[in-house]
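Here is the structure we will look at.
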Amino acid sequence: MTVKIHPKTFDENHVVISNDELKTLIEAVRVNNQIEVELIDDISGENLMKLCENGGAFDFLLNDEEDIYTLKDLKISYQ
């Protein structure tokens, strides 16, 4: 059985794959003692956007405490 996954390189020792691909890979390992994994080294713009959206890296922007500056803090107002 061949499982195709589309990893995104994170660093020299880690890659990122989608949840669906991970579930497929885990299920294939459970069903078969041996599998062949084909790495496809590309990621679509849509999948990259989904990763950014669902990854949690930007969740801090939803926190109101991050809005610590107001217009009154500007030294020069550009119009």
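The values are calculated or read from the model by the stated rules, or taken from the named source; none is laboratory data. Note that the coordinates shown come from a computational prediction; the quantities given were computed from them, not determined experimentally. All Cβ positions, glycine included, derive from the backbone under ideal geometry; neighbour counts span all protein chains shown.
Within the range 42-72, which residues are part of a loop (DSSP other than H, G, I, E, B), at pLDDT below 80 and loosely packed, with under 10 Cβ neighbours inside 10 Å? Hits for the range 42-72 are 42, 44, 67. Pairing each residue of the range 54-77 that is among the aliphatic types (A, V, I, L, M) with any residue that is at pLDDT 80 or above, provided the two are 6+ apart or on different chains, yields C-beta distances under 9 Å for 71/77. Taking the criterion of being exposed (fewer than 10 other Cβ atoms within 10 Å of the Cβ) and modelled with pLDDT under 75, the only residue of the range 1-21 that qualifies is 2.
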